[in-house]
Amino acid sequence: MNLNDDTLRPKPVSESKSEMIELVLPNDANPLGALLGGRLMHWIDLAGALAAHRHSQSYLVTASMDHIDFLVPVHVGDIVILQSAVNRVFHTSMEVGVKVLVENYITGDRKKVATAYLTFVAVDRHGRRLPVPPVIPQTEEEQRRYEGALRRRDAARAERERRAAARGARTPE
């Protein structure tokens, strides 16, 4: 990424929006024909990276993924739709939200499977962090996700500090 004024110009959330579609095949499933959770997590990481790449126009590394609750099962033959967008930028990192839907291609019915929030860090070819352009929320929903990203970041930071303090308080055995 060339660090001139144009590359760091603020961009609307809409410029990062991405959609990825996968057909669940037998190799993606367990013996009962249900999608493997690890496969879905892999797809979520890829879908999140698409949005982060579109926004940052740089190399990325995945820094974290929050917990995932699988709300409905996904089976062989189902279509999985992963929708992603950058929620907020924090200098060199960005939070990306990924919404996962399952679609029955016979009926057209769609159900929400999961939602995940991932943090990506922009880096150069040598792994050094790079600044990321600010993101501009333009709709009420984008503003809600923008504000939620700060709350999630603050909560994650507090949890890391709590864990570090707990490790430091342990007595050696």
*Checking Y105 against (1) in contact (Cβ under 8 Å) with a residue 40 or more places away in the chain; (2) touching a strand residue (DSSP E or B) at 6+ places or on another chain (Cβ under 7 Å); (3) surrounded by fewer than 16 Cβ atoms within 10 Å (Cβ to Cβ); (4) not in a strand (DSSP E or B), the condition it does not meet*: (1)
*Taking region 5-45 as the region of interest, how many residues are assigned to a loop (DSSP other than H, G, I, E, B), of a type in the set (G, A, S) and either touching a Phe, Trp or Tyr at 6+ places or on another chain (Cβ under 8 Å) or loosely packed, with under 13 Cβ neighbours inside 10 Å (or both)?*
0
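Hey, does region 85-93 have a residue that's modelled with pLDDT of 95 or more and under 17 Å from G37 (Cα atoms)? Please lay out each step first, then the result.
Going residue by residue through region 85-93, those that are modelled with pLDDT of 95 or more are 85-93.
Keeping just the survivors that are under 17 Å from G37 (Cα atoms) gives none.
Checked region 85-93: no residue is modelled with pLDDT of 95 or more and under 17 Å from G37 (Cα atoms).
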*Which condition does V100 not pass, out of (1) buried (at least 23 other Cβ atoms within 10 Å of the Cβ); (2) closer than 20 Å to R153 by Cα, if it passes all the others?*
(2)
_Please pick out the residue among V86, V61, V13 that is of a type in the set (A, V, I, L, M), touching a Pro at 6+ places or on another chain (Cβ under 6 Å), under 26 Å from R157 (Cα atoms) and in contact (Cβ under 8 Å) with a residue 60 or more places away in the chain._
V13
_Among the residues of region 69-86, are any assigned to a helix (DSSP H, G or I), among the aliphatic types (A, V, I, L, M) and farther than 13 Å from V13 by Cα?_
no
*Sort out which residues of region 59-92 are surrounded by 20 or more Cβ atoms within 10 Å (Cβ to Cβ) and of a type in the set (S, T, Y), and write them in order of number.*
S84
*Residue by residue through region 116-173, note down the ones that are assigned to a loop (DSSP other than H, G, I, E, B) and modelled with pLDDT under 90.*
R170, T171, P172, E173
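Give me a count of the residues in region 46-60 that are among the aliphatic types (A, V, I, L, M) and in a strand (DSSP E or B).
Matching residues across region 46-60 total 1.
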*Any idea how many residues of region 116-154 are exposed (fewer than 10 other Cβ atoms within 10 Å of the Cβ) and among the small types (G, A, S)?*
1
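Just to be sure, is K99 on the phi < 0 side of the Ramachandran plot, more than 16 Å from the chain's Cα centre (by Cα) and not in a loop (DSSP other than H, G, I, E, B)?
no
The values are calculated or read from the model by the stated rules, or taken from the named source; none is laboratory data. What you see is a predicted model, and the numbers here were worked out from it, not measured in a lab. Quick reminder, even Gly has a Cβ in these numbers, built from the backbone with ideal geometry, and neighbours come from all protein chains shown.
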